[in-house]
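Since the structure comes first, as structure tokens, the remarks are kept for the end.
The values are calculated or read from the model by the stated rules, or taken from the named source; none is laboratory data. Please read these numbers as outputs of a predicted model, since none were measured by experiment. Every residue, glycine as well, gets a Cβ built from its backbone with ideal geometry; the counts of neighbours run over all protein chains shown.
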Amino acid sequence: MFGEIYYALSDTVTLTIGARYTQDEKAIEDRQILFNNDPITGAPVIQALGADLPIPTATRRDSNEWKETTGRMVLDWSVSADTLAYASLARGYKGGGFNPPFDPVQFPGQEENFEPEFVDALELGTKNTLLNNTLQANFSAFLYDYTDMQVSKIVNRTSFNENTDAQIWGGEAEFVFAPSPRWILNANLAYLNTEVKDFESVDTRDPTAGRNDVTLLKDLTNGSNCVALLDPAAYAAQVGSQYTSCSRLAGSGPPVTDGIAQNLNGNQLQNAPEWSVSLGAQYNWAFADSSSLSLRVDYYWQDEMYARLFNRPIDRIAAWDIWNAQATYTAAQGQWYARAYIKNIADDDHLVAMYVSDPSSGLFTNVFSIEPRTYGLALGYNF
């Protein structure tokens with residue numbers, strides 16, 4: 001349910017108050033049927049795909065419900081005919097859920113569920129029309145305070161969701177300038193500061209967290225990693241070999257965990273560049289028969305960022321930029337148009353995103369690059 005009220009406090013000030021009630025109900029019935037281990041002995045159980053019994057991991061039957069009331073309050077002030085100032089305070093919500101099924105013998109440190117996410121958002125800004133209506137200039141500053149932000153990572157063939165508190169603040173400036181009927185120039189500058197708050201997590205690239213009083217193990221039965229809470233010398237004396245089955249140790253050997261959690265407080269959020277810039281220029285011709293031709297070029301640049309919350313050097317994605325251009329001919333009365341375009345003019349191969357796979361598949365990094373130089377022609381008709 002959602003509703004808003006708009007109230008004019010004066011001729012120049014308007015108050016908006018909105019409220020939303022959300023009820024989420026989720027239910028699940030599942031089980032992990034591959035790579036299971038006996039919960040008593042920890043021994044791997046060979047299970048034919050599709051067979052019904054015996055499967056030591058019991059079927060999970062669970063349900064959950066979340067009821068939340070959120071809303072927003074906005075104050076608009078028409079400072080003048082050319083300037084609007086505003087302040088906004090809002091609270092957002094995203095429901096929790098269930099992690100995929102997993103064998104608790106192999107994943108003793110993972111949770112079956114993850115919590116709902118909340119954000120309190122404060123934004124201040126102004127929108128201005130200047131220079132005899134030829135310049136639109138908008139400015140904003142914002143602060144987002146997250147509680148239990150939902151983040152995910154892959155651990156031994158399974159994608160797990162976790163919750164962390166976080167804080168984001170920044171600002172943005174946006175300009176559109178039309179110095180003449182033929183020219184349109186635009187620019188956008190954004191600054192973003194992100195910070196993880198009070199969160200610990202196991203880094204699959206470094207499950208021992210650099211400690212020398214624990215022993216890293218590779219499970220030869222399924223390729224997963226685990227950490228025995230004994231130093232290498234004590235582990236060798238007690239077990240006799242560094243290479244064994246993590247699940248067997250979990251059943252009868254020294255204490256075993258998925259890894260040692262690292263303190264990520266103060267780290268940057270993933271995929272959050274500190275600075276970004278967007279520029280564009282367009283030139284328009286209007287012909288006697290009311291048809292038109294426009295030429296446009298665009299440029300985008302963003303700062304370096306991290307692909308993971310752990311902020312390791314290997315997680316860093318370098319700053320990158322891209323140039324695009326297009327030419328559009330629009331027929332009289334706008335009935336049809338033809339557009340020629342070229343994207344990534346310099347044919348760069350910048351990396352723009354990545355994610356790390358699980359230990360059982362070698363912890364390879366799957367990277368994404370921008371598309372190579374692409375050009376083409378688009379035709380359209382308006383009915």
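Across region 307-349, which residue is modelled with the lowest pLDDT among those that are assigned to a loop (DSSP other than H, G, I, E, B), polar (S, T, N, Q) and more than 19 Å from Leu279 (Cα to Cα)?
Gln335
Being surrounded by fewer than 12 Cβ atoms within 10 Å (Cβ to Cβ) and touching an Asp or Glu at 6+ places or on another chain (Cβ under 6 Å) narrows it down to one residue among Ala346, Ala318; which is it?
Ala318
Could you look through region 233-282, keep only residues that are more than 20 Å from the chain's Cα centre (by Cα), part of a strand (DSSP E or B) and of a type in the set (Ser, Thr, Tyr), and pick out the one that is modelled with the highest pLDDT?
So, considering only residues that are more than 20 Å from the chain's Cα centre (by Cα), part of a strand (DSSP E or B) and of a type in the set (Ser, Thr, Tyr), the one modelled with the highest pLDDT is Ser278.
A quick yes/no check of all residues on (1) part of a strand (DSSP E or B); (2) at pLDDT below 95:
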| residue | (1), (2) |
| --- | --- |
| Asn132 | no, yes |
| Phe142 | yes, no |
| Ile154 | yes, yes |
| Phe160 | yes, yes |
| Gly170 | yes, no |
| Val176 | yes, no |
| Leu189 | yes, no |
| Thr194 | yes, no |
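Taking only region 139-192 into account, find how many residues are among the polar types (S, T, N, Q), out of contact with any Leu (no Cβ under 8 Å at 6 or more places or on another chain) and closer than 22 Å to Gly92 by Cβ.
The qualifying residues number 5.
Tally up the residues in region 350-369 that are assigned to a loop (DSSP other than H, G, I, E, B) and at pLDDT 95 or above, please.
Qualifying residue count for the region: 1.
In this structure, does Leu230 turn out to be crowded, with 16+ Cβ neighbours inside 10 Å and either assigned to a loop (DSSP other than H, G, I, E, B) or acidic (Asp, Glu) (or both)?
yes
Only residues that are surrounded by 14 or more Cβ atoms within 10 Å (Cβ to Cβ), touching an Asp or Glu at 6+ places or on another chain (Cβ under 9 Å) and of a type in the set (A, V, I, L, M): list them for region 321-343, please.
Within region 321-343, Ile322, Ala325, Ala331 meet the criteria.
Tell me, please, whether a residue that is in contact with a Ser or Thr (Cβ under 7 Å, 6 or more places away or on another chain), without any contact (Cβ under 8 Å) to a residue 60 or more places away in the chain and not acidic (Asp, Glu) can be found in region 237-247.
So far as region 237-247 goes, yes, one or more of its residues are in contact with a Ser or Thr (Cβ under 7 Å, 6 or more places away or on another chain), without any contact (Cβ under 8 Å) to a residue 60 or more places away in the chain and not acidic (Asp, Glu).
Looking at (1) assigned to a loop (DSSP other than H, G, I, E, B); (2) closer than 26 Å to Ile5 by Cα, which is the one condition that is false for Asp103?
Evaluating Asp103 over (1) assigned to a loop (DSSP other than H, G, I, E, B); (2) closer than 26 Å to Ile5 by Cα leaves (2) as the failure.
Quick one: in region 155-213, of everything that is over 30 Å from Gln106 (Cα atoms) and charged (D, E, K, R), which residue is surrounded by the fewest Cβ atoms within 10 Å (Cβ to Cβ)?
Arg182
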